[in-house]
Amino acid sequence: MAKPEYYYGVHSVESLLELEPERVLTLFTLKGRDDQRLQHLLSLAEPFGISVQKASRDNLEKMAGLPYHQGVVAAVRPQQTLNEKDLDQLIKKEPQALLLALDQVTDPHNLGACIRTAAAMGVQAVIVSRDRSASLTPTARKVAAGGAEKVQFIQVTNLARTLAHLKETAFYRVVGTMLDEQAKPIQACDLSGALVIVMGAEDTGLRPITQAQCDEKAYIPMAGNLQSLNVSVATGMALYEACRQRLHAH
């Protein structure tokens with residue numbers, strides 16, 4: 001059997017117990033912890049016969065890999081990695097899906113925050129390239145606060161090629177965010193229908209090969225003097241506008 005993964009943090013473990021309890025092998029809880037939130041987790045685990053073990057703070061920290069585990073760690077069967085085939089299945093089932101693509105976002109905290117926002121804004125899948133991008137580590141899952149179980153996380157070999165494939169085979173429109181002379185304010189872009197919003201890393205932005213696949217370039221208008229935002233904050237703003245337009249269209 002493959003080595004278990006460790007999920008930690010109340011939101012992350014709670015979401016897992018609600019949506020995929022069959023993957024949870026053992027629930028480890030901090031010795032001496034007995035509050036309402038823990039009782040709720042135990043009540044979710046009980047119907048599935050999930051083993052619950054008390055553990056010291058040190059042992060929890062070893063499993064989680066850092067001290068911010070909130071007194072809860074779950075040993076979990078590894079999830080199957082989703083790829084291009086899974087994306088094709090998704091767009092067949094949801095031809096008007098809202099998708100988020102991240103171009104070389106390497107920080108797991110930023111990835112987790114983007115996934116959390118994506119889940120809140122109705123995004124069906126977050127697409128990243130397999131190389132030079134953060135993967136769904138326990139840290140990313142904790143920051144996603146349950147969002148990682150609600151949104152498909154798809155790793156592809158070549159992001160630009162995947163965007164071209166979505167355009168050619170499923171008539172998706174690709175909107176990339178960047179500071180560029182041709183870019184329009186995000187609210188002036190049509191963000192309805194079959195759509196991929198592409199966000200780049202804060203330091204490098206979208207690579208030229210990714211920009212070449214964008215049907216439209218957008219920027220987030222700002223009144224202040226600072227023209228750069230953390231990628232997860234910018235993602236939240238772009239997805240909020242997409243969500244607003246899509247709700248208004250119904």
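The values are calculated or read from the model by the stated rules, or taken from the named source; none is laboratory data. Bear in mind the structure is a predicted one, so any value in this text is a computation, not a measurement. All Cβ positions, even for glycine, are placed from backbone atoms using ideal geometry, and neighbour counts span all protein chains on display. The accessibility values were calculated without ligands, DNA or RNA, using every heavy atom of the protein model including side chains. Shrake-Rupley method; radii C 1.70, N 1.55, O 1.52, S 1.80 Å.
What whole-number value in Å² describes the accessible area per residue of the chain for a 1.4 Å probe?
About 50 Å² of surface per residue is accessible.
Which one, 69, 144, 233, projects farthest toward the positive side of the charge dipole computed for the chain from Cβ point charges (K/R +1, D/E -1)?
Value computed over the given set: 69.
Net charge near residue 78: determine it from the other residues with C-beta under 10 Å of the C-beta of residue 78, scoring Lys and Arg +1 and Asp and Glu -1.
Numbers: positive: 3, 23, 77; negative: 5.
Residues close to residue 78 contribute a combined charge of +2.
Over 25 Å between Cα atoms, which of 3/93; 31/142; 93/184; 3/62 qualify?
Checking Cα-Cα distances, 3/93; 93/184 exceed 25 Å.
Where does the chain land at 222 nm, in deg cm²/dmol rounded to the nearest 500, when only DSSP H runs of n ≥ 4 count, each adding -39500 (n - 2.57), divided by all residues?
Details: 9 runs with 93 residues, N = 250.
Taking each H run of at least 4 residues, the total per residue is -11000 deg cm²/dmol.
Post the alpha-carbon centroid distance, region 202-245 to region 40-73, in whole angstrom.
38
Roughly speaking, to the nearest percent, how much of the chain's 1.4 Å accessible area is carbon and sulfur?
Answer for the chain is 51 percent, counting heavy atoms of protein chains only.
What is the spin-label model distance, in nm, from residue 66 to residue 240 if the labels are put 7 Å beyond Cα along the C-beta direction?
Between residue 66 and residue 240, the simple spin-label model gives 2.5 nm.
Gain in length, residue 37 to residue 249, computed as 0.36 nm per residue apart minus the alpha-carbon separation, to one decimal in nm?
Answer, rounded to one decimal: 72.4 nm.
Tell me the label-point distance for the pair residue 192, residue 22, using the 7 Å Cα-to-Cβ offset, in nm and rounded to one decimal.
3.9
With labels modelled as points extended 7 Å from the Cα through the Cβ direction, what inter-label distance (nm, one decimal) is found for residue 158 paired with residue 179?
3.1
Hand me the chymotrypsin sites (Phe, Trp or Tyr not before Pro) from region 153-190 located in a DSSP loop with no more than 11 other Cβ atoms within 10 Å, in residue order please.
171
For region 84-248, take every pair of Cα atoms, bin their distances at 5 Å starting from 0, and report each bin as a whole percent.
2, 9, 20, 24, 23, 15, 5, 1, 0
Over region 5-76, consider all pairs of different Cα atoms and compute the Kirkwood hydrodynamic radius from their mean reciprocal separation; express it in Å, one decimal. Mind showing how you got there, number by number?
Details: mean 1/r = 0.0851 Å⁻¹.
Computed over region 5-76, the radius equals 11.7 Å.
Rounded to a whole number of µm²/s, how large is the Stokes-Einstein D of region 170-230 at 25 °C and 0.890 mPa s, given Rh as the Kirkwood radius over C-alpha pairs?
For the chosen part, D equals 201 µm²/s.
Of 23, 57, 244, which has the most accessible area and how do the rest follow, probe 1.4 Å?
Working: 23 20, 57 140, 244 105 Å².
Putting 23, 57, 244 in descending order of accessible area: 57, 244, 23.
Provide 202, 168, 216 ordered by accessible surface of protein heavy atoms (probe 1.4 Å), highest first.
Working: 202 95, 168 135, 216 40 Å².
Descending order: 168, 202, 216.
Relative contact order, percent, of the chain when contacts are C-alpha pairs under 8 Å separated by at least 6 residues?
It rounds to 20 percent for the chain.
Remind me, relative contact order of region 18-66 in percent, using alpha carbon pairs under 8 angstrom and six or more residues apart?
This gives 51 percent for region 18-66.
Over the heavy atoms of residue 56, what accessible area does a 1.4 Å probe trace out, to the nearest 10 Å²?
Rounded to the nearest 10, that gives 40 Å².
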